[in-house]
Each structure stands twice: as C-alpha cells, then as structure tokens.
C-alpha cells in the first residue's frame, strides 16, 4: 500500500484529506491511504518518514512550509525561487528516503487564472505580503504579468492600502487577495481598497474559497468585475501533487 499525508500543526480540518478520500473513491483507486500527521515540531519529520517505508508523498501546511526545506535533498525551480514547499515526493534508494520539495500552489494558481486573462491584464495588485503572496508573485511573473504587493506595513516598492487611488487601480486590472480576510466564519471582513474605482475590465481573484463568494468578490462583482475564488486552485494543486507522487 502507498501512503500519503499532510503535516502541519494544528490540523483541525483539511481540504487535502477530504479531496483525496473522495478521489480514491470516485476513481476506484485501491491500496492507497491519505492521513493527517499533526506533528508539534518539524524535528519529528525524519522519524515519521523512516518509521513508515510505505509513505510516498507529503503535503506541507502551516507552520512548516519554510522550515521543512532544511530536511529536503532537492528542490524544484519554483520551490527554490519562492523558498516555500507545500509538496514533498519521497523516493527510497537502498532503503534511504530521498526528499524532493515542490510548490504546487504555483501550478494551481496559474492554471486556474489562465482562462480568465484578457490582453489588458498586464499588471496586478497582490493584496498581502505573506507566504502565499510569494507563490502568487512568482506565478504572475511566469505569466508575464507585473505584480505589485500591497501591505499595511510595506517594504520598498510596495503599495500601502491608502495609496490605492483611482489612478493605481486603473493601471492594475488584476487584483489577487492572498490575505485570510473574509474566510468563514469572519465572512464580513474584506481588504480595505476603494471598490468604487473598480470596473468591467477588472478581474478579482481570492485565494479564499469558503465562502464561495467572499465580501471582496461580492464588492468587485457589484462594480462589474470578473471574479474567481480559490477552490479550483486547490483542486488543481492537489492533482499536481498526485502526478508528482506517482510519476
């Protein structure tokens, strides 16, 4: 049996386990298992892997996406550029595990965004500057879109929310929310931007997927903007994980 799973702490709920359990049943995939591994310290990772030779792949979530890199033997180009890993492939040579790290958030975001892009989507505002924003910035750059970060406490070259005037929004027709604002149960929160300056050429993408239509997306839609939530991104990155684990 091949085993897969998710490491993080705490793991109170998991999109990944629900997704893969449903996939295994739907596609009648046998002799596989996906479990949650809520390890309190990343120091527990080597023992977890060595104790279970059937473990062939791991997803990584908060707070280990960066710390896990110290335990990997090699990185994919996007994981190295972003300096964050959410997927590990485990190969075993002479019984010794060889760990390769990937960031499949990049693939999921790019593939879900591509069908929505129009010729005028050449510059983007990325709301937030945390770990998720790094993957989005990398993906946008790969697509030929110039990203600009927006933060409450900006560093060099970033916008503050107070700087998002009409001229800035008219120059950036793609907006990506990488903050947790609007996530259930805090569904009434949203990024503090001047939504009145949005129009029909704008595209709003929210990494949040619960609820399906966040306050951020609803406010954009009322101005005529196209909108997209993060569910398909998660589904696509999950499928990419599966490909990497089984190639």
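The table below lists the values:
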{"read-out": "Volume in Å³ per residue [convex hull over Cα atoms, computed for region 50-122]", "value": "116 Å³"}
{"read-out": "Convex hull (Cα only) mean projected area of the chain, reported in nm² to one decimal", "value": "14.0 nm²"}
{"read-out": "Relative exposure of 187, 29, 7, judged by other C-beta atoms within 10 Å (fewest first)", "value": "29, 187, 7"}
{"read-out": "Overall form of region 1-58 per C-alpha gyration tensor (a/c, 1.5; a/b vs b/c)", "value": "oblate"}
{"read-out": "Per-selection metrics, region 106-233 (Cα): Rg and Dmax in Å", "value": "13.1, 36"}
{"read-out": "Binned Cα-Cα distance frequencies in region 2-103 - 5 Å width, integer %", "value": "2, 13, 24, 24, 21, 12, 4, 0"}
{"read-out": "Helix axis angle, 231-246 relative to the chain longest principal axis, alpha carbon, degrees", "value": "30 degrees"}
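Values quoted throughout were computed directly from the atomic coordinates according to the rules given, and no laboratory measurement underlies them. Bear in mind the structure is a predicted one, so any value in this text is a computation, not a measurement. Here Cβ is always computed from backbone atoms with ideal geometry, including for glycine, and neighbour counts include all displayed protein chains.
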